[in-house]
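The values are calculated or read from the model by the stated rules, or taken from the named source; none is laboratory data. Treat the numbers as computed from the prediction; the structure is a model and nothing was measured. In this analysis, Cβ positions are derived from the backbone assuming ideal geometry, glycine residues included, and neighbour counts consider all displayed protein chains. In case anyone asks, the SASA skips ligands and DNA or RNA and just uses the protein heavy atoms, side chains included. Shrake-Rupley method; radii C 1.70, N 1.55, O 1.52, S 1.80 Å.
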Amino acid sequence: MTQPLRWDLFCHVIDNFGDVGVSWRLAIDLARRGQQVRLWIDDPSALAWMAPQGHAGVEVLRWADPLPDREPGDVVVETFGCQLPEGFVRRMVRPRPPVWINFEYLSAESYVERSHGLPSPQLEGPGQGLTKWFLYPGFTPATAGLIREPGLPARRAAFDAADWLARQGVVRQPGERVVSLFCYDNPVLPGWLTSLAAQPTVLLVTPDKAARQVTAALGNGGRTGALRTVTLPYLPQEEFDHLLWASDLNFVRGEDSFSRAQWAAAPFIWHIYPQVDDFHAVKLDAFLNRYLATASPALAARIRALWSGWNGLDDVPHPVWPDLPAWQVLARDWSGQLATLPDATDSLLRFVAGRG
């Protein structure tokens, strides 16, 4: 692009962390590349700890009724299919309308490649005559890729995990593995804590749902067998990335941490957001088919069993942990493979440039 554009990003909060997390990362990554961004969000409360300093080039506006009377920018992005306010859409109908994009959920399913970049002409309603375009993040060159800010792999390679842990008050003991826990409510958690406790482990517990469940299972002492726990405060996004980089195994949930766990190049288990009729199982399986494509049959089977058990799709009361070094190699190779693809922000910029 020859000049900065004005972007309007709209986020409707459902999960409170994942939706905001992805939208904020996209907003600041656009700003880092010289774009001017307004982030419209109906519940900005999580940004108080996720991004306490804000970011130059990003203006956060409350998405409420009535919406402030602002002229739409050059590009309007709906994150995750949220419906834009009708009054705002009406203002988009002008001689040179903005490029209207629906930035969709991340998925490894085959329909993503078929749907990426497709137009949706608006034949009726307040946006009649406009065109909405669908962009899908994903894991192949036929998608938009993942959000990956410039220099991310180099920053991760230079990261000092021991120093970061020490600043959190955590001194890793000899032979101790570091595991992070960020999850939804999960009835299998107590049994899995017992399994983790079979070998020296320090469990770094995130606030809210994870911390509440660990306290209920272990009490305020937070210990069982060879497992000890450290409850962390709410972390800004960059520090949450550091948590993932400092851990040998990451339990993550939802959309944003799922993506960032892959950039951490470390073993992880994804707690996918549950959907009716177990449709999330299809999404989970589609990702594992790609993630485990180069794994040995034995490693692939154990990782599948872990993910399925953690998500309540199979009864796995006593998880069998894969060989960690082999899983680490798989995780690094997968992250490296993703790094060869275009990143989502660059894909957005190129797509918009292609619309003139």
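Does the stretch 174-188 hold any residues that are under 11 Å from A210 (Cα atoms) and crowded, with 20+ Cβ neighbours inside 10 Å, and which are they?
S180, L181, F182, C183
Answer yes if at least one residue in the stretch 260-282 is among the hydroxyl-bearing types (S, T, Y), buried (at least 22 other Cβ atoms within 10 Å of the Cβ) and within 20 Å of the chain's Cα centre (by Cα), and no otherwise.
No, the conditions are met nowhere in the stretch 260-282.
Give the stretch 317-355 a look and list any residue that's within 22 Å of P137 (Cα to Cα) and open to solvent by 70 Å² or more (accessible area, probe 1.4 Å), or say none.
Answer for the stretch 317-355, where residues must be within 22 Å of P137 (Cα to Cα) and open to solvent by 70 Å² or more (accessible area, probe 1.4 Å): R332, D333, Q337, T340, R350, R355.
Of all residues in the stretch 1-45, which are of a type in the set (G, A, S) and surrounded by fewer than 16 Cβ atoms within 10 Å (Cβ to Cβ)?
Of everything in the stretch 1-45, those that are of a type in the set (G, A, S) and surrounded by fewer than 16 Cβ atoms within 10 Å (Cβ to Cβ) turn out to be G34, S45.
Name the residue, out of I28, I41, that is within 16 Å of N102 (Cα to Cα), among the β-branched types (V, I, T) and touching a residue at least 24 places away in the same chain (Cβ under 8 Å).
Step by step, each of I28, I41 is checked, and only I41 is within 16 Å of N102 (Cα to Cα), among the β-branched types (V, I, T) and touching a residue at least 24 places away in the same chain (Cβ under 8 Å).
Which residues, taken from the stretch 291-304, are exposed (fewer than 14 other Cβ atoms within 10 Å of the Cβ) and either in contact (Cβ under 8 Å) with a residue 60 or more places away in the chain or touching an Asp or Glu at 6+ places or on another chain (Cβ under 8 Å) (or both)?
Matches in the stretch 291-304: T294 only.
Checking P68 against (1) out of contact with any Leu (no Cβ under 7 Å at 6 or more places or on another chain); (2) open to solvent by 40 Å² or more (accessible area, probe 1.4 Å); (3) in a loop (DSSP other than H, G, I, E, B): exactly one of these is not met. Which one?
Looking at each condition in turn, P68 falls short on (1).
I'm told S308 meets every condition in (1) of a type outside the set (A, V, I, L, M); (2) farther than 24 Å from T194 by Cβ; (3) at pLDDT 95 or above except one. Can you identify the failing condition by its number?
Among (1) of a type outside the set (A, V, I, L, M); (2) farther than 24 Å from T194 by Cβ; (3) at pLDDT 95 or above, S308 violates only (2).
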